[in-house]
Amino acid sequence: MRLLSCVFFFLLTGFDTIAQQNYAVGNIPPELMVRASAVIRNDELSIEVKDLNDVVIRVKAAVTVLNKNGDREAHIYVWYNKTRQIKFIKAAVYDEFGLLKGKIAEKEFKDESAASNYSLFEDSRVKKFSPAVTTYPYTLEYEYEVRSKQSLILPEWTPNTTTGVSLENAKLTLICKPDFAIRFKEENYAGKVNVTDTEELKTYTWEVHHLKALRDEPYSPSADTYLPVVRIAPVKFAYQAVNGSFTNWLEYGMWMNEKLLLNRDLVPAETAAYIKELVKDIDDPRLKAKKIYEFVQNKTRYVSVQIGIGGYQPITAAEVDRLGYGDCKGLVNYTKGLLKVVGINSYYTIVEAGSDKKSAITDFASMNQFNHAILCIPFPKDTTWVDCTSKTLPFGYLGDFTDDRIALACTETGGKLIRTPAYPSDASSQIRKANFKLDEKGDLNGEMTTTFDGLQYDNRAELINEPYTEQVKKLQQIYTLNNLEIKSFKLEEDKGRIPVTTERMKFYAREYASLSGDRYFITLNALNRGRSLKEVHNRVNKLDISRGYTDIDEITYTLPDNYKMDGLPENFKMEQPFGQYSIDIQEKGNTLVYTRKLHLKEGVYPPEKYEDLVNFYQRVAEMDESRISMVKRIVNQK
């Protein structure tokens, strides 16, 4: 379902009360069954702040799974660590008619390390349970309580996080002392918070009822732009021995600098001397920084460190220098310290990384909007960004993991919101030039050169540094030519200011052309064919093309001498606000030059434009199947 940090939590009621509820599927309102694979029957999250170092989180929930696609909603994950202790967990399963089929005690939950396979230091563990039910529908209810020794990060309330799931009832309650000040932000929430006060307690309540399941609509914006979310942040807080307060991003950055970053970027004197010697003959500050970044790439490796406040505070630069490893925070802090040695200023920057572009909320500062650290280097004429966890990325290139989103730079004067680099569609290109020679049997000998830049720079990242035999295997999956035999292959990387990957390849493909009597048929687009897009009628969400690209394929065919053309497809061009596509075919003697261009533009478009996009993709897919036919020449007999 959802990890505890974003899962719903319960109020005080125990299972004796829950068990009296009727979970019969027949009781679900009919409108909530439409498009639903699961229905959240009840979802209650209670956060009780007893003190800055004592927060109780209670969850009570029930979900009815209607079919196999809804099984993901019946997975329970409760994570814990030294600052977060589980007080109890229990669950129960009901059948279609709401009859109890079995109770699940805490001992039946699997208890595993939550450490990732790249983490050496992580004190998080997880208790998880997935019902082994194959008869649908069924209902899972569960309840647990967690006690947290920190108030810095309070759970976000996301009663429904995905498509294909409807919701009957959900409630968020925050209970605290009257002097515990909070800030909160409601997004896509139609209701209004209810606040009640007594002399001893203050209670905030949010509720949502009867949300219908949404369809999965391709090219939709991020779900948190249209599904309800309530975010809560304390004004004053504690995390173990670290106390603090902030109400905006400027103050957040100041707190980070003073409490988590101060003096942690000091590098040992011996290393400082080595770095000065390393760049002493380089005048250009940018080239100095590039040299130091490459030193870090060669010296260190990424290892996650997620123990206590270490989940937010970097280990010291001296430790990274001694050990040769660190997590994103530690490696950024280390690189920052090395740059400082030679007088180059840089900013420790935190960002929400991932393929979705999730930006910091400009008017709401909170701790749990970030999952990654990168480094911002503000040179006088430009600003350069680096991801210090990568051993292969070029200096100044971020890629689609952290591109084009608002991040928080911790500057000398506090936090500063700043957008990471975007890679526009006309600068994210894949350009291919190929020469194909066909013989009278239909066999093809080919050679081609393809360059990748912008966001397409790392299209071949999975092949870099792989053994040649593995590269060949993966190429045969990338290029789906029948009977493909690769004769030679080479990848070259130019890690300059505009990084480019170049692929050079020679190959042979038996029976590429198909023969039928005196006729000879060729599919012109051998390498880069489009696919159709799912139709969605009466679309609701805006059309969000978050990343665009440009593909240009130019293939020169040398045709067999004993065949002649039997007509050519007409050249073709179409244009929409979100992209252009064209095919140009030129015959020159016994050669044919086929040029295909596809340009998809990033941007947000009205929902009704999705139908045009479907038609656009469909036409691309059809034109990419264009074939030519040739007929055997008649040889005069004497």
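All but one of (1) in a loop (DSSP other than H, G, I, E, B); (2) of a type in the set (D, E, K, R); (3) at pLDDT 95 or above; (4) surrounded by fewer than 21 Cβ atoms within 10 Å (Cβ to Cβ) hold for LYS441, so report the exception by its number.
Among (1) in a loop (DSSP other than H, G, I, E, B); (2) of a type in the set (D, E, K, R); (3) at pLDDT 95 or above; (4) surrounded by fewer than 21 Cβ atoms within 10 Å (Cβ to Cβ), LYS441 violates only (3).
Determine, yes or no, whether ASN333 is under 26 Å from GLY244 (Cα atoms) and surrounded by 17 or more Cβ atoms within 10 Å (Cβ to Cβ).
yes
Listed here are the residues, each with its yes/no results for (1) touching a strand residue (DSSP E or B) at 6+ places or on another chain (Cβ under 8 Å); (2) of a type in the set (D, E, K, R); (3) within 26 Å of ASP224 (Cα to Cα).
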{"site": "VAL93", "(1), (2), (3)": "yes, no, no"}
{"site": "GLU96", "(1), (2), (3)": "yes, yes, no"}
{"site": "ILE104", "(1), (2), (3)": "yes, no, no"}
{"site": "THR163", "(1), (2), (3)": "no, no, yes"}
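Kindly establish whether LYS597 is loosely packed, with under 15 Cβ neighbours inside 10 Å and within 22 Å of GLN430 (Cβ to Cβ).
No.
Exactly one of these conditions fails for TRP206: (1) more than 24 Å from the chain's Cα centre (by Cα); (2) exposed (fewer than 14 other Cβ atoms within 10 Å of the Cβ). Give me its number.
(2)
Condition first: in contact with a helix residue (DSSP H, G or I) (Cβ under 8 Å, 6 or more places away or on another chain), part of a loop (DSSP other than H, G, I, E, B) and of a type in the set (Asp, Glu). Now tell me which residues in the range 187-246 satisfy that.
Across the range 187-246, the qualifying residue is only GLU217.
Output the residues belonging to the range 448-472 that are farther than 30 Å from ASP426 by Cβ, among the charged types (D, E, K, R) and surrounded by 14 or more Cβ atoms within 10 Å (Cβ to Cβ).
GLU466 - this is the single residue of the range 448-472 that is farther than 30 Å from ASP426 by Cβ, among the charged types (D, E, K, R) and surrounded by 14 or more Cβ atoms within 10 Å (Cβ to Cβ).
Tell me, yes or no, whether the range 136-144 has at least one residue that is polar (S, T, N, Q) and either more than 30 Å from the chain's Cα centre (by Cα) or not in a strand (DSSP E or B) (or both).
Checking the range 136-144: at least one residue is polar (S, T, N, Q) and either more than 30 Å from the chain's Cα centre (by Cα) or not in a strand (DSSP E or B) (or both).
Checking VAL242 against (1) more than 30 Å from GLY102 (Cα to Cα); (2) buried (at least 16 other Cβ atoms within 10 Å of the Cβ); (3) at pLDDT 95 or above: exactly one of these is not met. Which one?
For VAL242, the exception is condition (3).
Conditions (1) on the phi < 0 side of the Ramachandran plot; (2) of a type in the set (S, T, N, Q); (3) free of Cβ contacts under 8 Å to residues at least 60 places away in the same chain, marked per residue:
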site: ALA461; (1), (2), (3): yes, no, no
site: LYS474; (1), (2), (3): yes, no, yes
site: LYS490; (1), (2), (3): yes, no, yes
site: ASP544; (1), (2), (3): yes, no, no
site: ASN562; (1), (2), (3): yes, yes, no
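Taking the range 431-459 as the region of interest, how many residues are under 20 Å from THR392 (Cα atoms) and either touching a residue at least 60 places away in the same chain (Cβ under 8 Å) or not β-branched (Val, Ile, Thr) (or both)?
So the count comes out to 8.
For the structure I just gave you, tell me whether ALA223 is within 25 Å of the chain's Cα centre (by Cα), at pLDDT below 95 and not charged (D, E, K, R).
So ALA223 fits the description; yes.
Scan the range 405-415 residue by residue and report those that are touching a residue at least 60 places away in the same chain (Cβ under 8 Å) and surrounded by 18 or more Cβ atoms within 10 Å (Cβ to Cβ).
Matches in the range 405-415: LEU408, ALA409, CYS410, THR411, GLY414, GLY415.
Looking at the range 280-306, which of its residues are of a type in the set (A, V, I, L, M), surrounded by 16 or more Cβ atoms within 10 Å (Cβ to Cβ) and over 24 Å from the mean Cα position of the chain (by Cα)?
ALA289, ILE292, VAL296
Please note which strands (runs of 3 or more DSSP E) are completely contained in the range 50-111 and include at least 1 residues that are under 29 Å from ILE175 (Cα atoms), assigned by TED's automatic domain parsing to the domain that holds PRO159 and not hydrophobic (A, V, I, L, M, F, W, C).
In the range 50-111, 54-65, 76-80, 84-94 are the strands (runs of 3 or more DSSP E) which contain 1 or more residues that are under 29 Å from ILE175 (Cα atoms), assigned by TED's automatic domain parsing to the domain that holds PRO159 and not hydrophobic (A, V, I, L, M, F, W, C).
Would you mind stating whether ASN333 is in a helix (DSSP H, G or I), farther than 30 Å from MET367 by Cα and under 29 Å from the mean Cα position of the chain (by Cα)?
So ASN333 fails the test.
Which one is nearest to the chain's Cα centre (by Cα) among residues in the range 72-86 that are closer than 23 Å to LEU32 by Cα and surrounded by 19 or more Cβ atoms within 10 Å (Cβ to Cβ)?
Here the answer is GLU73.
Could you run through the range 312-327 and say how many residues are at pLDDT 95 or above and hydrophobic (A, V, I, L, M, F, W, C)?
3
If I filter the range 117-135 for residues that are surrounded by fewer than 17 Cβ atoms within 10 Å (Cβ to Cβ), over 28 Å from the mean Cα position of the chain (by Cα) and touching a residue at least 40 places away in the same chain (Cβ under 8 Å), do I get at least one hit?
yes
If you take the residues of the range 146-191 that are farther than 23 Å from LEU32 by Cβ and among the basic types (Lys, Arg), which of them is surrounded by the most Cβ atoms within 10 Å (Cβ to Cβ)?
The extreme case among them is LYS149.
Can you tell me which residues in the range 151-186 are polar (S, T, N, Q) and in a loop (DSSP other than H, G, I, E, B)?
Passing the criteria: SER151, THR158, ASN160, THR161, THR162, THR163.
The values are calculated or read from the model by the stated rules, or taken from the named source; none is laboratory data. This structure is a prediction, so every number in the text was calculated from the model and none was measured. Every residue, glycine as well, gets a Cβ built from its backbone with ideal geometry; the counts of neighbours run over all protein chains shown.
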